[in-house]
Amino acid sequence: LDVTLSPNPSLTFRTIGGILDFYLFLGPTPENVIQQYTEAIGRPHMPAYWSLGFQLSRWGYGSLDVLKKTVDRMHRYDIPYDVQHFDIDYMERRLDFTYDKVNFAGLPEYIQELKKKGMHNVVILDPFIAKDEEPGTYKPYELGQEMGVWVNNSDGVTPAVGEAWPPGKSVFPDYTNPRTVEWWTQLCLEFKDVLDYDGIWIDMNEPSNFLRGQYPGCADNEINNPPYIPSISDRSLAQKTLCPDSKTYLGEHYNTHSLFGWSQTEPTFNVVQQATGKRAFVLSRSTFVGSGKHGGHWLGDNFSQWKDLRRSVIGILEFNLFGIPYIGADICGFNYNTTYELCLRWMQLGSFYPFSRNHNAEGNSEQDPAVFGAEFARISRATLRIRYSLLPYLYTLFFESHVHGNTVVRSLMHEFTSDQETHGIDTAFLWGPAFMIAPVLEEATRSVDVYFPEAQWFDYYTVLPSAWKKNYATVSAPLSKIPLFIRGGYILPEQAPATTTTKSRLNPFGLIIALDEQGEASGSLFWDDGDSIDTIEKENYFLAKYTFSKVSSNM
């Protein structure tokens, strides 16, 4: 299936057959459309409060010592920082459900040390399992073999065998099979006793395979080579994945390919909840319609380039339309070496991604915000402190998303639909209805042209009302600053920031009251313990609605 959007506006569907069901969500406003869509597909999950803090990751720390040095310099510069991720280099030879007892000796103890500091951690798991380990040494494969949990070849009997990160050859769990869910649940629960994780990051779950199809290659038949193939990699449906005629519990891989990551997300969400007794954190690379109910997403393996910085704004706007508001891009870029200025501008923008994580690939130079020296650290710290002070507002937006299906990050068009000028703006965005972020997206640039729709806007830094209304203005943006604006008519809850949400949650609250032309404003605050399961469903929370007018205020 190939779907083309044109500016007419029109949609063209090219398909070789099948049934097309169309569901129309009539709005009338863009926000109404997303509320109706998520009512049909499942509302976004309510994230844990800690997962709204800043997160650090890299593939290629290589050892616990390097990781410790990184964490220490983050703390030395007092950069707000809640979550440390562990990519595949923590594993023994890239085998799921293991850790490297040589290079990462002492990892379980170090995780406890981070927890004592009020931090959380997320471990990566891949969806392919090494099949060539010494018999009796690798339970994930042997238990899976015994339980019959793999995606099979077209014969429906023999497991599909490919190649991925682990040594030797790998097989692929079929998460559409209830037995696979049992197998995965057992292994994740047992692994919690090895590494005390708070969340699980599920990667490579397209599913990714380093060959074109499994061994010995895909048969030449109509399902593997249909009469029309969209312009994808090598014009092959099996490229870097499994043959379409492989068999899953729900039918041929041809029909279930797009559901692989989706079918892994819910069981992972459930087992993280079971293992931790707290709200689940699941981050998935592959998503489908409805994935937002059980997980978040990052925008995949991007590059340390200015164009990728710009595109990330579009990506976070799009995933909010898809009902996956817990979304971000790898800050400073994953592939290639970053530069000082690109990484600094990316730290500023990334401080306002719903999911804010700096992540980097093996072999690239270090890019955590503490590695570039004192000035870079100071600017990153200042920007992240703005994020942390506004977390009560962001958390309240996630509550509204979970209960009503609203977007968390939205385009100006969502709030000012009748203003044609807003329809093409993809360089600035809003948190909810009231907070505008206008990042610098070009190299060697010290100002931004910002469009201000018809409303009273206040500069976040000076709290001065702007004279701009329904026009563009050039706003100063020195290297130390990302332009931020508050919309009149709204009340934003805030809280004094700290280096972790564990600490900031204990701090005093405040309200930012930005008045509209009538001298009025309103807003709300959702608050609970931040990580208990189903607090909303159990009505174990505090919800305040605020209104202000010059005549009377009600708080």
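For beta carbons closer than 8 Å, sequence separation of 6+ or different chains, a first residue in the stretch 465-485 that is farther than 15 Å from residue 352 by Cα and a second that is assigned to a loop (DSSP other than H, G, I, E, B) and hydroxyl-bearing (Ser, Thr, Tyr), the qualifying pairs are 473/466; 477/445. Helices (runs of 4 or more DSSP H) fully within the stretch 28-141 that include at least 3 residues being within 19 Å of the chain's Cα centre (by Cα): 30-41. Taken as a whole, the structure places residue 427 among residues that are open to solvent by 10 Å² or more (accessible area, probe 1.4 Å), farther than 21 Å from residue 512 by Cα and not in a helix (DSSP H, G or I). Inspect the stretch 13-25 for any residue being under 30 Å from residue 266 (Cβ atoms) and not in a loop (DSSP other than H, G, I, E, B) and give the result as yes or no. Scanning the stretch 13-25, I find at least one residue that is under 30 Å from residue 266 (Cβ atoms) and not in a loop (DSSP other than H, G, I, E, B), so the answer is yes.
With respect to the numbered conditions (1) within 30 Å of residue 77 (Cβ to Cβ); (2) open to solvent by 10 Å² or more (accessible area, probe 1.4 Å); (3) out of contact with any Lys or Arg (no Cβ under 9 Å at 6 or more places or on another chain), which one is the sole condition not fulfilled by residue 468? Against the list (1) within 30 Å of residue 77 (Cβ to Cβ); (2) open to solvent by 10 Å² or more (accessible area, probe 1.4 Å); (3) out of contact with any Lys or Arg (no Cβ under 9 Å at 6 or more places or on another chain), residue 468 comes up short only on (1). Screening residue 305 with (1) more than 16 Å from residue 284 (Cβ to Cβ); (2) out of contact with any helix residue (DSSP H, G or I) (no Cβ under 8 Å at 6 or more places or on another chain) gives one miss only, at (2). Considering only the stretch 448-463, I want to know if a residue exists there that is among the aliphatic types (A, V, I, L, M), open to solvent by 40 Å² or more (accessible area, probe 1.4 Å), outside any strand (DSSP E or B) and under 10 Å from residue 486 (Cα atoms). Yes: the stretch 448-463 contains one or more residues that are among the aliphatic types (A, V, I, L, M), open to solvent by 40 Å² or more (accessible area, probe 1.4 Å), outside any strand (DSSP E or B) and under 10 Å from residue 486 (Cα atoms).
Only residues that are surrounded by fewer than 18 Cβ atoms within 10 Å (Cβ to Cβ) and among the aliphatic types (A, V, I, L, M) were counted across the stretch 364-385, and they come to 3.
Among residues of the stretch 247-269 that are more than 15 Å from residue 173 (Cβ to Cβ), those with a Cβ under 9 angstrom from a residue that is in a strand (DSSP E or B) and β-branched (Val, Ile, Thr), sequence gap 6+ or separate chain, pair up as 255/248; 269/200; 269/282. When the residues of the stretch 265-286 are filtered to those that are within 16 Å of the chain's Cα centre (by Cα) and not in a loop (DSSP other than H, G, I, E, B), the one that is nearest to residue 183 (Cα to Cα) is 268. Residues that are surrounded by 14 or more Cβ atoms within 10 Å (Cβ to Cβ), among the aliphatic types (A, V, I, L, M) and within 30 Å of residue 228 (Cβ to Cβ) are absent from the stretch 74-96. For the stretch 466-488, residues that are in contact with a Pro (Cβ under 8 Å, 6 or more places away or on another chain), at pLDDT 95 or above and part of a loop (DSSP other than H, G, I, E, B) total 4. In the stretch 29-61, which residue that is farther than 20 Å from residue 369 by Cβ and without any contact (Cβ under 8 Å) to a residue 60 or more places away in the chain is surrounded by the most Cβ atoms within 10 Å (Cβ to Cβ)? Filtering the stretch 29-61 for residues that are farther than 20 Å from residue 369 by Cβ and without any contact (Cβ under 8 Å) to a residue 60 or more places away in the chain, the one surrounded by the most Cβ atoms within 10 Å (Cβ to Cβ) comes out as 33. Taking every residue in the stretch 180-208 that is closer than 12 Å to residue 268 by Cα and pairing it with any residue that is among the hydroxyl-bearing types (Ser, Thr, Tyr) and open to solvent by less than 10 Å² (accessible area, probe 1.4 Å), at least 6 positions away or on another chain, the pairs with Cβ-Cβ distances below 6 Å are 200/268; 202/268; 202/284.
Being closer than 23 Å to residue 36 by Cβ, open to solvent by 10 Å² or more (accessible area, probe 1.4 Å) and of a type outside the set (Asp, Glu) is true of residue 399. Cβ-Cβ distances below 8 Å connect the following pairs, each with a first residue in the stretch 222-234 that is aromatic (Phe, Trp, Tyr), a second residue that is open to solvent by 80 Å² or more (accessible area, probe 1.4 Å) and in a loop (DSSP other than H, G, I, E, B), and a separation of six or more residues or different chains: 228/16.
Condition check for residue 553 on (1) out of contact with any Leu (no Cβ under 8 Å at 6 or more places or on another chain); (2) at pLDDT 95 or above: one failure, at (2).
Take residue 289 and tell me if it is open to solvent by less than 20 Å² (accessible area, probe 1.4 Å), under 23 Å from residue 38 (Cβ atoms) and within 23 Å of the chain's Cα centre (by Cα). Spelling it out, it is not the case that residue 289 is open to solvent by less than 20 Å² (accessible area, probe 1.4 Å), under 23 Å from residue 38 (Cβ atoms) and within 23 Å of the chain's Cα centre (by Cα). Restricting attention to the stretch 508-523, the residues being among the small types (Gly, Ala, Ser) and crowded, with 17+ Cβ neighbours inside 10 Å number 3. Looking only at residues in the stretch 244-261 that are under 17 Å from residue 287 (Cα atoms) and of a type outside the set (Val, Ile, Thr), the one that is surrounded by the most Cβ atoms within 10 Å (Cβ to Cβ) is 253.
The values are calculated or read from the model by the stated rules, or taken from the named source; none is laboratory data. For clarity, every value in this text was computed on a predicted model and none was experimentally measured. When we count neighbours, we look across all protein chains shown, and the Cβ atoms used for this are built from the backbone with ideal geometry, even at glycine. SASA here: full protein model, heavy atoms, side chains in, ligands and nucleic acids out. Shrake-Rupley method; radii C 1.70, N 1.55, O 1.52, S 1.80 Å.
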